[in-house]
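Working notes for the structure below.
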Amino acid sequence: MEYLSLFVKSIFVDNMIFAYFLGMCSYLAVSKNVKTANGLGVAVIFVLLVTLPINYLLNKYLLQPGALAWLGDKYASLDLSFLSYIVFIAVIAAIVQVVEMVVEKFAPALYSSLGIFLPLIAVNCAILGGSLFMQERAFANVGESAVYALGSGIGWYLAIVALAAIREKTAYSNVPAPLKGLGITFITVGLMGIAFMTFMGIKL
Amino acid sequence: MDANMKETLLKPIFKGNPITVLVLGICSSLAVTVQLQGALVMALSVIIVTGLSSFVVSLLRNTIPNRIRIIVQLVVVAMMVILVDQVLKAFAYSVSKTLSVYIGLIITNCIVMGRIEAFALGNKPIPSLLDGLANGAGYGLILVVVAFVRELLGSGTIFGLQVIPQFIYDAGYVNNGLMILPPMALILLGCVIWIQRSIQKDLQEK
């Protein structure tokens, strides 16, 4: 039940895009049509789901204050948390590289549809943001962090596919010239954000 | 200072602004614009990080193997961000608490990586440093403009000081609570782009 509530909450209430603006760059750049948006969204879910549990374990057994206690009493007082940025981003960059190679070898069809997006994902704020939020919220176990990863990935996916669908339609509408393209997209995302705020009151 | 360097310094501020023209670095920018103070600290941090990491990567540019350059760049940027984060934690703890994860997210701020890829890898260290600083400043400018409007209309304050006088509230004026909510940052940014593109017609998209 806790898992379910965390899952729903991370999709709708704490939506990566609308509540925290994470992963905005690729969100705006790759949302011109639904097909590519779909590809990037799936890739984000996938990478989040792989990296977050790994970073969770690293945080628990390496980085947080007192995490090295399993090595012996001598290490129990160490606090390596200042290293967390560099460790998290290195894990993410490495995993993205590995995932890219594995997908290329074993699922060429998936690779040809995801291929160009995978390297982009290493610098997608949603991935690093997921890890940093995971650290800040101190989840109880790996399961929770995996559920959180899946939920926020799906939330990101929903947001990008919805925006891509809207942009496909607004391509035909008569927008004032200075607002065309980027400007109207920002305003659209803002309005979608206001719509998503209706989920805020949900208590599970 | 020759004309070329001046161009490097001035272009990112308005004509080639990283946020409104290149669409880089929106990720971490909007969540910190509720208060001017947070936005200003964020802007300064980004200026320092973009400047220094462009400089360092430019120094290393001939020795980085092309295949693994992304990881090398990320490590350099992460190191700079850790420095900024530690300094903030030591000297401005309350601001660093309000900015929470967004300081860490400067690592994946596309401006930093974008300028490294587009400029620092092909230029000498000093121009790269200037390019990084100028792009950080262009980013900071937008951040401060959005934060100014949001704080003024949302809470009636500037840098936490009350600027809308009491008698206006007595006459029935109410702060616009919508301005404090996250989506308004996006809508305001849309308006900033609208204004900029009405002035500079050549930026308009077809």
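Overview of results
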quantity	calculated
Candidate set: region A:187-204, residues that are within 12 Å of chain B (Cβ to nearest Cβ) and touching a residue at least 24 places away in the same chain (Cβ under 8 Å); chosen: the one surrounded by the most Cβ atoms within 10 Å (Cβ to Cβ)	A:V189
Residue list for region A:19-44, filter: in contact with a Leu (Cβ under 9 Å, 6 or more places away or on another chain), more than 26 Å from A:S81 (Cα to Cα) and among the hydrophobic types (A, V, I, L, M, F, W, C)	A:M24, A:C25, A:L28, A:A29, A:V30, A:A37, A:L40, A:V42, A:A43
Verdict on B:L153 being in contact with a Phe, Trp or Tyr (Cβ under 7 Å, 6 or more places away or on another chain) and outside any loop (DSSP other than H, G, I, E, B)	no
Filter result for A:L118 (within 12 Å of chain B (Cβ to nearest Cβ) and under 14 Å from A:A43 (Cα atoms))	yes
Test: residue in region A:92-103 that is touching a residue at least 40 places away in the same chain (Cβ under 8 Å), more than 12 Å from chain B (Cβ to nearest Cβ), surrounded by 15 or more Cβ atoms within 10 Å (Cβ to Cβ) and outside any loop (DSSP other than H, G, I, E, B)	yes
Members of region B:183-204 found to be free of Cβ contacts under 8 Å to residues at least 40 places away in the same chain and either among the polar types (S, T, N, Q) or not in a helix (DSSP H, G or I) (or both), listed by number	B:S198, B:Q204
Residue match in region A:171-182 (condition: touching a residue at least 60 places away in the same chain (Cβ under 8 Å) and either within 13 Å of chain B (Cβ to nearest Cβ) or within 22 Å of B:V23 (Cα to Cα) (or both))	yes
Residue tally, condition buried (at least 17 other Cβ atoms within 10 Å of the Cβ), more than 14 Å from chain B (Cβ to nearest Cβ) and either of a type in the set (S, T, Y) or closer than 23 Å to B:V81 by Cβ (or both), over region A:64-89	1
Some residue of region B:109-118 being of a type outside the set (F, W, Y), surrounded by fewer than 16 Cβ atoms within 10 Å (Cβ to Cβ) and in contact with a helix residue (DSSP H, G or I) (Cβ under 7 Å, 6 or more places away or on another chain)	no
Filtered residues of region A:15-38 (kept if surrounded by fewer than 19 Cβ atoms within 10 Å (Cβ to Cβ) and either away from every other protein chain (no Cβ under 12 Å) or under 13 Å from A:I154 (Cα atoms) (or both))	A:N33, A:V34, A:K35, A:T36, A:N38
Qualifying residue in region A:124-137 (condition: crowded, with 22+ Cβ neighbours inside 10 Å, out of contact with any His (no Cβ under 8 Å at 6 or more places or on another chain) and at pLDDT 90 or above)	no
Flag if B:F119 is away from every other protein chain (no Cβ under 14 Å), within 16 Å of B:L24 (Cβ to Cβ) and not charged (D, E, K, R)	yes
B:P127 vs. criteria assigned to a helix (DSSP H, G or I), on the phi < 0 side of the Ramachandran plot, touching a residue at least 24 places away in the same chain (Cβ under 8 Å) and surrounded by 13 or more Cβ atoms within 10 Å (Cβ to Cβ)	yes
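Every residue, every condition in (1) within 14 Å of chain A (Cβ to nearest Cβ); (2) in contact (Cβ under 8 Å) with a residue 24 or more places away in the chain; (3) outside any helix (DSSP H, G or I); (4) over 27 Å from A:Y20 (Cα atoms), yes or no:
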| site | (1), (2), (3), (4) |
| --- | --- |
| B:L22 | yes, yes, yes, no |
| B:A31 | yes, yes, no, no |
| B:Q37 | no, yes, no, no |
| B:V46 | yes, yes, no, no |
| B:G51 | no, yes, no, no |
| B:F55 | no, yes, no, yes |
| B:L59 | no, yes, no, yes |
| B:T63 | no, no, yes, yes |
| B:V72 | yes, no, no, yes |
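The values are calculated or read from the model by the stated rules, or taken from the named source; none is laboratory data. Note that the coordinates shown come from a computational prediction; the quantities given were computed from them, not determined experimentally. Cβ: placed from backbone, ideal geometry, glycine included. Neighbour counts: every protein chain shown.
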